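Inspection log for the structure reproduced underneath, given as structure tokens.
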Amino acid sequence: MRQRRTLAGVLTVAALCLPGFTATADDAGTTHVPERQLTDVVPAPVEAKPDPRADFRLSPFTLIRTQPGSAEAKRVGEQLAAVLRPATGYPLPVAATKRSWPSTISLLLGKADPRIGDEGYRLDVARRGVTIRANTAAGLFAGTQTLRQLLPAEIEADRPQRRTWTVPGGKIVDYPRFAYRGAMLDLARHFHTPDEVKAYIDELAQYKINHLHLHLTDDQGWRIQIDSWPELTTTGGGPGTGVDGEGPGYLTKAEYTDLIGYAAARHITIVPEIDMPGHTNAAQSTYAELNCDGVAPPPRTDIEVGYSSLCIDKEITYTFVEDVIREVAEMTPGPYLHIGGDEAHATTEEDYQKFMDRVLPMVYKYGKRPAGWNEIAKVDPPASAVPQFWGTTNTNADLAEAAARGNQVIMSPANKAYLDMKYDQNTPLGLSWAGYTEVRDAYDWDPGSHVEGVGAESVLGVEAPLWSETLRTLDDIEYMAFPRLPAIAELGWSARASHDWESFRERLAEQGPRWEWRDVDFYRSPQVDWR
Ligand code: TNX
């Protein structure tokens, strides 16, 4: 009862605040063509059936109603309201109620299409309202990302816009192709602040990315607080660290934990990476005992790779590694702990095997599932370990053998999915060792058949890594990620049958004004007819 009175109160106030508003503001009798189509969504939905007679118009009286009894559904409703309120200026109250209102957006759990699984949703747009149904809050959240894109781009404005807010009518049934849809951010080469990481998370969530891999340690810096080795951050992450000495900083445990919560609220799981046995100069220049000769090398701020290695035959190495894995695992609720393992050119193959034979079990000991760059496939890791492919060719015998043994893999081919590769020779930021990567290059490949002998059934998903040797600011990050990140997101989410460059480039063009409203920097690729 109390709930209802409160609601009615809010809605009455809303009406009074809008001079000239009438409930029948619809242009009765005229054919109304919404500027959005039901299929104008990135990543492309599995199934979309438009119904031109069923457009819904958001109004000052619209109620957001969420599954009674579910705090998680309520939170998704609040998040949706927070997105829609600034531009519409409507109150959009959120209520966990069974009652429907004449204009309602309903976020409901259960009774959805059986195909949608854990992360999918069904979205129905009718004249009286929008209904999103899912089996989990993650599915509801995904559905609200679609709804956001179905509204005109001005919905992204941070202050009220004088216009109507029409959602095209019809029905969508949507669910992901792959379970793992990731992005990676390198905090080691240049540290990026928690606020910058959060801003990136906000963008990732809109494209249904569900994992954020943080590359926390490398030769140039150590970016995560470890209590048992405190100088890792005070020295290894301190002033003068980072490429050219210009990217100091680190995450305290509290900041890391806060980031995990922020990501989780957006249905994104953090995957921490501690790179080893190579890419370890920041640790080895901080703690002399981690070197075979007991002498700390100088800190490095250049972008060479492959010169550092932990000392494989010293017991202190494994004390160090276990301390780090334990502390990181304790702070990380997600299932994965990434141990790097790439470019260990200063470690012999025999030593690499010895090292991994000791370290992989430690990851399991602390309850985590190991992920690593594709080099870990060489050591015949347990079937639940996840190698991440970063090669530039379509063959990798070790990876194919791992797949045959039952390992699931993550696909990040450097010449397709690396967001730090330049778009073309004129790109001011980024590297080019894997070649220039235009939007179409990032889009036109199939994670399910990219590497010989690694079929879709062996693919856990895709990830778009962003290495930050050349990236300092959030603008730099955004400029490299957009518009390629949505291409990788679509490869991870959308059914293979919907893969279509012409369709993608048109849907991508419509994202441009949204990025402008949100002040997200992006590359205006000549391959896309930007609005
Ligand atoms: C290769 S990819 C690396 C990184 C660099 C990146 C730059 C991989 C596993 N290692 O150390 O930052 O290239 O594109």
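The values are calculated or read from the model by the stated rules, or taken from the named source; none is laboratory data. Predicted model only: the values in this text are computed from it and were never measured. Neighbour counts are summed over all protein chains in view; Cβ atoms, including those assigned to glycine, are modelled from backbone coordinates with ideal geometry. Only protein heavy atoms, including side chains, enter the accessible area calculation; ligands, DNA and RNA are left aside. Shrake-Rupley method; radii C 1.70, N 1.55, O 1.52, S 1.80 Å.
For Y436, the criteria (1) assigned to a loop (DSSP other than H, G, I, E, B); (2) surrounded by fewer than 15 Cβ atoms within 10 Å (Cβ to Cβ); (3) touching a residue at least 12 places away in the same chain (Cβ under 8 Å) hold in every case but one, which is (2). Residues in the stretch 454-470 that are over 20 Å from the mean Cα position of the chain (by Cα) and of a type in the set (A, V, I, L, M) were compared, and the one that is most open to solvent (accessible area, probe 1.4 Å) is A456.
Just a yes or no: is a residue in the stretch 152-173 without any contact (Cβ under 8 Å) to a residue 60 or more places away in the chain and either surrounded by fewer than 22 Cβ atoms within 10 Å (Cβ to Cβ) or not hydrophobic (A, V, I, L, M, F, W, C) (or both)? Yes - at least one qualifying residue is present in the stretch 152-173. For the stretch 51-66, a residue qualifies if it is of a type in the set (D, E, K, R) and part of a strand (DSSP E or B), and the qualifying residues are R57, R65.
Considering (1) within 16 Å of the ligand (Cβ to nearest atom); (2) open to solvent by 40 Å² or more (accessible area, probe 1.4 Å); (3) in contact with a helix residue (DSSP H, G or I) (Cβ under 9 Å, 6 or more places away or on another chain), say which one A377 fails and leave the rest. For A377, the exception is condition (2).
Among the conditions (1) part of a helix (DSSP H, G or I); (2) β-branched (V, I, T); (3) not assigned by TED's automatic domain parsing to the domain that holds Y336, the only one that I488 does not satisfy is (3).
Contact map, the stretch 454-471: first residue in contact (Cβ under 8 Å) with a residue 60 or more places away in the chain and more than 9 Å from the ligand (Cβ to nearest atom), second residue among the acidic types (D, E) and open to solvent by 10 Å² or more (accessible area, probe 1.4 Å), Cβ cut-off under 7 Å, separation 6 or more or different chains; the map is empty. Number of residues in the stretch 137-184 that are under 27 Å from P413 (Cβ atoms), in a loop (DSSP other than H, G, I, E, B) and aromatic (F, W, Y) equals 2.
It is to be established whether one or more residues within the stretch 222-233 are under 24 Å from the mean Cα position of the chain (by Cα) and in contact (Cβ under 8 Å) with a residue 40 or more places away in the chain. Yes: one or more hits. Output the residues belonging to the stretch 214-234 that are in a loop (DSSP other than H, G, I, E, B) and under 21 Å from A199 (Cα atoms). Matches in the stretch 214-234: L216, R223. Please go through the stretch 211-234 and give me each residue that is farther than 16 Å from E327 by Cβ, open to solvent by less than 10 Å² (accessible area, probe 1.4 Å) and touching a Ser or Thr at 6+ places or on another chain (Cβ under 7 Å), ordered by number. Listed by number, the residues that qualify are D219, Q220, G221.
Return the residue satisfying two criteria in turn: it lies in the stretch 401-430 and is open to solvent by 20 Å² or more (accessible area, probe 1.4 Å) and closer than 27 Å to P43 by Cα, and of such residues it is nearest to the chain's Cα centre (by Cα). If you could, list the steps in order and put the result at the bottom.
Residues of the stretch 401-430 open to solvent by 20 Å² or more (accessible area, probe 1.4 Å): 401, 404-406, 408, 415-416, 422, 424-426, 428-429.
From what's left, closer than 27 Å to P43 by Cα: 408, 415-416, 422, 424, 429.
On the way: Q408: 19, N415: 19, K416: 17, K422: 21, D424: 25, L429: 21 Å.
Ranking the candidates gives K416 first.
Here the condition is being in contact with a His (Cβ under 9 Å, 6 or more places away or on another chain) and either open to solvent by 10 Å² or more (accessible area, probe 1.4 Å) or within 16 Å of the ligand (Cβ to nearest atom) (or both); of I274, I303, I268, it holds for I274 alone. In the stretch 101-113, the condition of being outside the structural domain of T269 (by TED's automatic domain parsing), touching a helix residue (DSSP H, G or I) at 6+ places or on another chain (Cβ under 8 Å), part of a helix (DSSP H, G or I) and within 22 Å of I268 (Cα to Cα) is met by no residue. Within the set D446, D529, D441, the sole residue that is within 21 Å of R177 (Cβ to Cβ) and either open to solvent by 50 Å² or more (accessible area, probe 1.4 Å) or part of a strand (DSSP E or B) (or both) turns out to be D441. Scanning the stretch 369-385 for residues that are in a strand (DSSP E or B) and out of contact with any Leu (no Cβ under 6 Å at 6 or more places or on another chain) gives R369, A371, G372, W373.
Can you pull out every residue in the stretch 396-412 that is within 22 Å of A464 (Cβ to Cβ) and not in a helix (DSSP H, G or I)? Selection gives N396, N407, Q408, V409, I410, M411, S412. Considering only the stretch 235-243, I want to know if a residue exists there that is in a helix (DSSP H, G or I) and either surrounded by 14 or more Cβ atoms within 10 Å (Cβ to Cβ) or within 16 Å of the ligand (Cβ to nearest atom) (or both). There is at least one residue in the stretch 235-243 that is in a helix (DSSP H, G or I) and either surrounded by 14 or more Cβ atoms within 10 Å (Cβ to Cβ) or within 16 Å of the ligand (Cβ to nearest atom) (or both). G69 meets all of the listed conditions (1) among the small types (G, A, S); (2) under 23 Å from A497 (Cβ atoms); (3) part of a loop (DSSP other than H, G, I, E, B) but one, namely (2). Scan the stretch 354-374 residue by residue and report those that are small (G, A, S) and open to solvent by less than 50 Å² (accessible area, probe 1.4 Å). Result: A371, G372.
Among R484, R496, R518, which is open to solvent by 50 Å² or more (accessible area, probe 1.4 Å) and among the basic types (K, R)? Give the steps one after another, and end with the answer.
Working: R484 fails: open to solvent by 50 Å² or more (accessible area, probe 1.4 Å); R518 fails: open to solvent by 50 Å² or more (accessible area, probe 1.4 Å).
The match here is R496.
Hey, any hits in the stretch 513-525 for a residue that's aromatic (F, W, Y) and out of contact with any Phe, Trp or Tyr (no Cβ under 9 Å at 6 or more places or on another chain)? There is at least one residue in the stretch 513-525 that is aromatic (F, W, Y) and out of contact with any Phe, Trp or Tyr (no Cβ under 9 Å at 6 or more places or on another chain).
Hey, among the residues in the stretch 396-435 that are hydroxyl-bearing (S, T, Y) and away from the ligand (no atom under 13 Å from the Cβ), which one's nearest to G492 (Cα to Cα)?
The selected residue is Y423.
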